[in-house]
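Worksheet for the structure shown next.
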């Protein structure tokens, strides 16, 4: 079988969302069944030894990575939603956005039971704020972060270092830019 180079399925959009920024768009990867499956399968391979009980994905692209991953692994999926989107009591954490401003994520307070091992996944790691907010909620609920995984890591924004400052966890990025 020929190995798929996932870089071939990432569109680079110059000056989006603001001048000087190159946006890495995984829409072409998601639109190609073989590439999408290859990405999810690589994350499954990474997670196999982590004893994962749940997958957590922050809104919204974390849903796109996390849901098929949870299905493939036979574990549950927990969405980390933007504030005000969940109908029941939730725990929240705020973080600073890459281009300024603040956002807040929430997880239902009964979504994660104490001791459950949760892997956080997202499409792209930039500054690490979204992942650290998700991690903070998981840990507040008594969960254990079993690992983190991304399709893309933007190395120059040092998100990996910020995640590891909160405590070392198994880390996977399928591609680095």
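Computed quantities for the displayed model
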quantity: Residue 171 paired with residue 21, simple spin-label distance in nm, labels 7 Å along Cα-to-beta-carbon; calculated: 2.2 nm
quantity: Cβ-derived FRET efficiency at R0 41 Å, residue 42 paired with residue 113, nearest 0.05; calculated: 0.90
quantity: Alpha carbon centroid spacing (whole Å) that separates region 1-44 from region 104-155; calculated: 22 Å
quantity: DSSP beta bridge pairing in the chain, given as percent antiparallel to the nearest 5; calculated: 40 percent
quantity: FRET efficiency estimate (nearest 0.05) - Cβ-Cβ, residue 102 to residue 51, R0 35 angstrom; calculated: 0.55
quantity: Global form of the chain, assessed from the alpha-carbon gyration tensor, a/c cut-off 1.5; calculated: oblate
quantity: Sequence of 10, 83 once ranked by neighbouring C-beta atoms within 10 Å, starting from the fewest; calculated: 83, 10
quantity: Residue 155-residue 72 FRET efficiency (beta carbon distance; Förster radius 22 Å; 0.05 resolution); calculated: 0.20
quantity: Residues 65, 121 arranged by fewest to most Cβ contacts within 10 Å; calculated: 65, 121
quantity: Residue exposure sequence - 135, 88, 61 - by fewest surrounding Cβ within 10 Å; calculated: 88, 61, 135
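Every number here is computed from the coordinates shown, using simple stated rules; none is lab data. Because the structure is predicted, anything quoted here is derived from the model rather than measured. FYI the Cβ positions are ideal-geometry reconstructions off the backbone, even for glycines, and counts take in every protein chain you see.
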